[in-house]
Amino acid sequence: MKSYKPVTKSLRQMTRIEYRKLLSGHGPHKALTRGKKSMGGRNAFGRITTRHQGGGHKKSYRTVDFHFDKKNIPARIATIEYDPFRSAFIGLAVYKDGEKRYVVVPRYMKVGDTFVVSESAHIAPGNRLPLANIPIGTFVYQIELKPQGGAVLARSAGNYCEIVAQDQGYTHLKLPSSEVRRVISTAWASVGEASNEEHRLENWGKAGRTRWKGIRPTVRGTAMNPVDHPHGGGEGRQGRGHRRQRTMWGKPAGKGQKTRHPKKYSNVFIVSRRKVGKRK
């Protein structure tokens, strides 16, 4: 991590990732980029459906491959680049047949390293193979929930899942949340951990940097009126008036409370619930 001399108040606490040491310095591959309009958290009717979004710097979207449908063709990492739409680093993979695709690179991978997507691939960082062929105790990322469905689990910076068991056609994965979940063993996953593990240590230093990233301010519920939030109202600083923390819509949230729907379709795949609150 890079720290700064405190010549201003915002620089006193700010820390940044030393990108010059981690990235290859190449610009994005133009054929794999496109424009993406920012909706500011609003739907087609112009109503806010996701709060705290809006503004931010203009960004070009990199098309990242999460389906990995090129099997048994080795690929070489030509560049390692920053992606403004995700926390992990991406790399330009050049396959042996000449095709180029962006992929999320694992930790410690550098320019010139190779990987392959194959059922008989070695257990090495970056290689991708079915969960049934990966031994217990291996760290994996970019995991599918169903075969050929595309990677959906453990894609952000520094994330990984651990294979803890193989049982009757299902693989038991320990997720970053501490939940243990069953995934069908014919689904595919990449070996290793997602890159840029120092992302969680970064301190933005000032409110302006969050605005550059498209994050708008968050107002505390206790600072609102009773009509706007269940925590609002009262003379001066008052308690919230009820035992459990609630969202703006009166639903329980945060502080270790269980918010999962009791009849959710994927409950049958959960072996052990995630640890919440201080126990985690």
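The values are calculated or read from the model by the stated rules, or taken from the named source; none is laboratory data. These figures come from a predicted structure and were not determined experimentally. Because the Cβ atoms are built from the backbone with ideal geometry, glycine has one as well, and the counts that use them run over all protein chains shown.
Results for (1) modelled with pLDDT of 95 or more; (2) farther than 22 Å from residue 209 by Cα, shown as yes or no for each residue.
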| site | (1), (2) |
| --- | --- |
| 39 | no, no |
| 47 | yes, yes |
| 64 | yes, yes |
| 73 | yes, yes |
| 91 | yes, yes |
| 98 | no, yes |
| 105 | yes, yes |
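Within segment 13-24, which residues are touching a residue at least 24 places away in the same chain (Cβ under 8 Å) and of a type outside the set (Val, Ile, Thr)? So that I can check it myself, show each step before the final result.
As a first pass, look at segment 13-24 and keep what is touching a residue at least 24 places away in the same chain (Cβ under 8 Å): 13-17, 19, 22-24.
Matches in segment 13-24: 13, 14, 16, 19, 22, 23, 24.
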Failed criterion for residue 257 (all others in (1) outside the structural domain of residue 102 (by TED's automatic domain parsing); (2) within 22 Å of the chain's Cα centre (by Cα); (3) part of a loop (DSSP other than H, G, I, E, B) hold): (2)
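Within segment 94-114, which residues are over 14 Å from residue 193 (Cβ atoms) and either assigned to a loop (DSSP other than H, G, I, E, B) or not hydroxyl-bearing (Ser, Thr, Tyr) (or both)?
Applying the first criterion (over 14 Å from residue 193 (Cβ atoms)) to segment 94-114 yields 94-103, 110-114.
Scanning segment 94-114 gives 94, 96, 97, 98, 99, 100, 101, 103, 110, 111, 112, 113.
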Residue that is touching a Pro at 6+ places or on another chain (Cβ under 8 Å), farther than 15 Å from residue 128 by Cα and small (Gly, Ala, Ser), where the choices are 158, 208, 169, 232: 232
Segments classed as strands (runs of 3 or more DSSP E), wholly inside segment 127-235, with at least 2 members that are hydroxyl-bearing (Ser, Thr, Tyr) and within 19 Å of residue 267 (Cα to Cα): 170-174
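Take segment 227-239 and flag every residue that is closer than 20 Å to residue 254 by Cα and more than 35 Å from the chain's Cα centre (by Cα).
Initial filter on segment 227-239 (closer than 20 Å to residue 254 by Cα): 228-232, 238-239.
Across segment 227-239, the qualifying residue is only 238.
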Filter result (closer than 15 Å to residue 63 by Cα and either of a type in the set (A, V, I, L, M) or assigned to a strand (DSSP E or B) (or both)) within segment 30-45: 31, 32, 33, 34, 35
Set 66, 115, 85, 89: member being touching a Lys or Arg at 6+ places or on another chain (Cβ under 9 Å) and buried (at least 21 other Cβ atoms within 10 Å of the Cβ): 115
Options 206, 275: the member that is within 30 Å of residue 1 (Cβ to Cβ), modelled with pLDDT under 95, within 22 Å of the chain's Cα centre (by Cα) and not assigned by TED's automatic domain parsing to the domain that holds residue 103: 275
In segment 140-159, the residues that are buried (at least 20 other Cβ atoms within 10 Å of the Cβ) and among the hydrophobic types (A, V, I, L, M, F, W, C): 140, 143, 151, 153, 154, 157
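Across segment 66-88, what is the total count of residues that are part of a loop (DSSP other than H, G, I, E, B), of a type outside the set (S, T, N, Q), in contact with a helix residue (DSSP H, G or I) (Cβ under 9 Å, 6 or more places away or on another chain) and over 22 Å from residue 129 (Cβ atoms)?
Taking segment 66-88 first, the residues part of a loop (DSSP other than H, G, I, E, B) are 66-74, 82-88.
Then keep just the ones that are of a type outside the set (S, T, N, Q); that gives 66-71, 73-74, 82-86, 88.
Still in the running and in contact with a helix residue (DSSP H, G or I) (Cβ under 9 Å, 6 or more places away or on another chain): 82, 88.
Imposing the further condition that a residue be over 22 Å from residue 129 (Cβ atoms) reduces the set to 82.
Total meeting the criteria: 1.
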The lone exception for residue 232 - which of (1) exposed (fewer than 13 other Cβ atoms within 10 Å of the Cβ); (2) farther than 30 Å from residue 84 by Cβ it fails: (1)
Residue under evaluation residue 52, criteria (1) surrounded by fewer than 12 Cβ atoms within 10 Å (Cβ to Cβ); (2) touching a Ser or Thr at 6+ places or on another chain (Cβ under 6 Å); (3) not β-branched (Val, Ile, Thr), criterion not met: (1)
